[in-house]
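Take a look at the structure below.
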Amino acid sequence: MTTKTLPISKIECDPHLQSRVANDDDAVADYAAAIEAGEDLPPVDVMHDGETYWLADGFHRVMGSEQAGRTKIKAVVYQGTRSDAVWHAAGANTRHGVRRTNADKRRQVEMALAEKPEESDRAIAKHCGVSHTMVASARSELESGGKLCHLDERTGQDGKSYPSASESAGDAAEPEESGGKVCHLDDENTPGDVDSCGLDAVFDDDTEPDSDEDPTVDEDDPPGADDQEQTIAEELAATAQPYKRAVNDLLRIKRDMQAAADDQVLGAHLRQSINRIVADLDNAKSTIRQLEPVAICEACGGEGCERCSGTGHLTRMLVERSQQ
């Protein structure tokens, strides 16, 4: 970690690393006025991966500096990847800066959960400066909505792994799975066994038909819209499963490598190499998550078109770009 003055043009201000739901124009104007008055603002935080300086904390200060006509800014530079910047941003502004709204806190929780879903609710809450109930609620909603996959184990604040649905010394009980409609990333799952994780449509198999209706279906009847939608949903879930399993495998490898780095014998000789490997794993995880299919292409309804490159689905990267 070093403090240096950087050209603002060299700092990557990725909007996905902004922990606030919306920029505060008044705060930007106040910062600009303070800079013009000769005041020194606290340095911003950036992560440097050897090529890119990722802005992790200080978006308002950067905008205020630009508004004041400055081309450079003081920054605390940490060695880390874009993934590290996301995690850092999720814990930003807990004790300084513009007061966070509840929406800001929720956004930070979602950023933290997306980056480190293996962390327990209390560990996420501590990092984001919120209550563990907010994290539990957000996790449950994201899992049931298909935006976050359920992991069988989570890491408590004591650093130990615990079954995600059990009480432990390391963390409080986690919310139960929502009717089985979450995606398990264990090795026993095959694409045919996966529920519709990542989809808006969830189909309950135990819904009882009305007593006045015939529950049987004529085999000669063509499949209805609901059947087609369910088929598309199942196909998307099957397509997404290898990506989810790859991310889960990378998380397991990362934990093993970090454990090796903590070993008093191995760590002393291999810690630097292990840190590079962990950084590469984080980059690989981020890349895989960006390429994961997360939604049916609205342009073609899953049939395949130019927008989705003929696949019928949209990757997380395409969805995020369309929301900018």
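Below, the figures for the structure above:
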read-out	value
Charge dipole (debye, nearest 20) of the stretch 60-139; +1 at Cβ of Lys and Arg, -1 at Cβ of Asp and Glu	380
In Hz, Karplus ³J(HN,Hα) per residue of the stretch 291-301 (6.51, -1.76, 1.60; θ = phi - 60°; x = Gly, Pro)	8, 5, x, 10, 8, 6, 5, 5, 5, 10, x
Within the stretch 103-121: backbone nitrogen closer than 11 Å to the Gln323 label point (7 Å, Cα to C-beta)	107, 110-111
Relative contact order computed over the stretch 76-163 (Cα-Cα under 8 Å; 6+ residues apart), in percent	25
Long-range HN-HN contacts of Gln79 with modeled amide H, under 5 Å	His48
Calculated FRET efficiency for the pair Gln79/Ala29, C-beta based, R₀ 51 Å, to 0.05	0.95
Among 249-256, 84-91, the order from most to least packed when residues are scored by Cβ within 10 Å on average	84-91, 249-256
Neighbour-count order for Ser309, Ser144, fewest beta carbons within 10 angstrom listed first	Ser309, Ser144
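Throughout, read-outs are computed from the coordinates displayed, never taken from laboratory work. Quantities reported herein were computed from a predicted structural model and do not represent experimental measurements. All Cβ positions, even for glycine, are placed from backbone atoms using ideal geometry, and neighbour counts span all protein chains on display.
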